[in-house]
Amino acid sequence: MIDTYRHKGLRKQLAAVVAEKGIQDNAVLLAIESIPRHLFIPDNALHKFAYEDKPFPIGSNQTISQPYTVAFQTELLQIKKREKVLEIGTGSGYQTAVLLEVGAKVFSIERQKALFDRTKLLLPKLGYNTKLFYGDGYKGLPSFAPFDKIIVTAGAPYIPEDLLVQLKIGGIMIIPVGEGADQMMKKIVKTGENNYETEDLGVFRFVPLLKEKGRD
Ligand code: SAH
């Protein structure tokens, strides 16, 4: 668990790369500059690449998302301090850390036990204390609802109804939707109990949101 000046320099460069690609929110850029991304990648051999703007394997057939994608989704959420954010797909915990750095209260769900167990240990070690749940993201967390914001970090074949219900009126959900390898990033604003405004914001490539909780 070593962070060095070299790593700090590399992530300053990464923040500049992400800004160059269009991210403007300073809080998001600052988060990228401060979070030691290499420590979220379990394979030490990949640490030297950790500040490239790329996804990397994290085990269980999953990936840590590309920093630009993390920044893009986070910027779209327009998070204000202490807002309640539900994250589906904790994975490495990197996106969770970004949400915490920009001031959110985060509730994050992961359905792969091995990833859940690892990230539950890692985040507090890095000073990030938050609520992590082992469960099925399609169902959300009804007992903690409603949420100001919801972020889905895996490709969803459709928009889960339970998540729409758990979003506050005026709340925003950012979700990549599509059945194949590519998904459309959608921003959904809940404008009334049963009213939503949806905007399409470009094509991205995520690992799929898995259907049923399996044994792993
Ligand atoms: N935010 C993560 C992205 C990890 S990839 C990061 O930056 O590291 C997507 C994650 O979603 C994987 O960890 C995967 O196991 C998880 N996932 C897939 N289907 C899920 C579901 N139905 N509920 C909760 N998590 C799910």
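Since every read-out is calculated from the coordinates, none of them should be taken as a lab result. Worth saying up front: this structure is predicted, and the values here are computed from it rather than measured. Here Cβ is always computed from backbone atoms with ideal geometry, including for glycine, and neighbour counts include all displayed protein chains.
Some points to look at:
- Over the chain: helical MRE at 222 nm, DSSP H runs n ≥ 4 each giving -39500 (n - 2.57), nearest 500: -8500 deg cm²/dmol
- Structure note, pairs Lys12/Lys113; Lys21/Lys120; Lys12/Lys120; Lys8/Lys139; Lys54/Lys211: Cα-Cα distances above 29 angstrom occur for Lys12/Lys113; Lys21/Lys120; Lys8/Lys139.
- Nearest 10 degrees, 0 to 90: helix 113-125 Cα axis against the chain principal axis: 60 degrees
- Label separation (Asp182 vs Glu199): 2.2 nm, computed from points 7 Å beyond Cα along the C-beta direction.
- Region 55-204 - percent relative contact order, Cα under 8 Å, separation 6 or more: 18 percent
- The chain - Kirkwood radius from inverse mean 1/r over Cα pairs (Å): 17.2 Å
- GNM result for the chain, Cα springs below 10 Å: residue of Ala145, Ala154, Ala181 fluctuating most strongly: Ala181
- Cβ-based exposure ranking for Arg111, Arg6, in which fewest neighbours within 10 Å come first: Arg6, Arg111
- Highest mobility in the GNM of the chain, judged by mean-square fluctuation with C-alpha springs under 10 Å and restricted to Leu201, Leu76, Leu132, is found for Leu201.
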